[in-house]
1. In square angstrom, what is the accessible area per residue of the chain with a 1.4 angstrom probe?
2. With each label point set 7 Å from Cα along the Cα-Cβ vector, what nm distance links Val268 and Ala93?
3. Using just the C-alpha positions of the chain as equal point scatterers, what log10 of I(q)/I(0) does the Debye formula give at each q in 0.11, 0.14, 0.15 1/Å?
4. Quick one: which of Lys131/Lys226; Lys131/Lys179; Lys131/Lys217 span more than 19 angstrom between C-alpha atoms?
5. So which chymotrypsin sites (Phe, Trp or Tyr not before Pro) in region 20-111 pass both tests, a DSSP loop state and at most 12 other Cβ atoms within 10 Å of the Cβ?
6. To the nearest 10 square angstrom, what accessible area does Arg239 show with a 1.4 Å probe?
7. Any idea what the relative contact order of the chain is, in percent, if you count C-alpha pairs under 8 Å spaced at least 6 apart?
8. Under the 0.36 nm per residue contour assumption, what length would be gained going from the current alpha-carbon distance of Asn256 and Asn9 to full extension?
Amino acid sequence: MTFNVTVENSEYRFPCEPNESVLDAAQRAGLEIPFSCRKGVCGTCKGRIVSGDSRAFSGDALSPTERADSQALFCNTRPRSDLVIAPRSIGKADPFARKTTVARVFRLQRLADDVMLVHLRFPAGIRVKFKAGQHLNLLLDNGERRDFSMANAPRESDSAQLHIRHVPGGAFTTYVFEKLRRGDMLTVEVPFGDFVLRDSNKPILFVAGSTGFAPLKSIIEDMMIKGIARDTTLYWGARHRAGLYSNLPEKWARDNPRFRYVPVLSDVRAYGMRYNLVHKAVLEDHPSLSGFQAYVCGVPVMTQAAKSEFIAAGLPEGEFFADAFVTRAEVASAGP
């Protein structure tokens, strides 16, 4: 039996099979709900079940309060009846925006002991339309996918720069560090994600953990190219000083009076750097967040803690935007 899924207060309606996720059914119907890990870990596809009966597999991205409020992760929600849903956003997919192409490894550069810059070039004549902060999928030979944010600004549409952190025991990241060579070819699908700058006059808090710096770099550089003038602070956290692998934030702060940079270390103390968890450093400086927008990128435990504590400090929930970097081990532990 096929069920019908209706999007509240919209014209959108699509069929969904009993063993099909709401996310997959929406995509099959040519609609886009934001997503990333597809395993209930990152929380990107979060929304509300307004009415109807459904079932969900395991997933850690929902708090008890959100579950009580009928929130759901559409990547692992299957219908048991017709549903009415309220996703954070939904729209018709642009069939000309997303491309699958083969990209050549143009440059490899060690940014830190455990971070590699992988600079990909698209074939001659291919330009990829993406927004600052979005990510791409690497399509592996075994059929698996890996998501990586693009660190370059959208005007560099003939290429993609990825900041790939080596995960101990991670098959793909080990391959990148030990076997990937200049000239190798990788298949990519691009773009994905809604971790993009929203129009507002509010001051911005950018919060990055480790390679969560990559999409924020894209957004910040795009703001500077476009002349977007807003009070902006970047909090970039790592365990050790080497984890803050770029000097660009210092340059941005020197060149832009409305830009402030706060480096944060969690495991060691260093001169000129804050000693704390990165989201806690934000709260040290701003006990009240009622007048801000926040963009947070890092591992799920950091993005989830930041959301909970920032909202408790007065940040409107609608002004919190996150992109969680999910490892393959986290995806595997999330179950089917």
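The values are calculated or read from the model by the stated rules, or taken from the named source; none is laboratory data. These figures come from a predicted structure and were not determined experimentally. As a convention, Cβ positions derive from the backbone with ideal geometry for all residues, glycine included, and neighbour counts pool all protein chains shown. Calculation scope for accessible area: heavy atoms of the full protein, side chains included, ligands and nucleic acids excluded. Shrake-Rupley method; radii C 1.70, N 1.55, O 1.52, S 1.80 Å.
1. Per-residue accessible area for the chain comes out at 47 Å².
2. Label at Val268, label at Ala93, 4.6 nm between them.
3. Rounded to two decimals, the profile gives -0.74, -1.21, -1.38.
4. Lys131/Lys179
5. Phe96
6. 150
7. Relative contact order of the chain: 15 percent.
8. 84.7 nm
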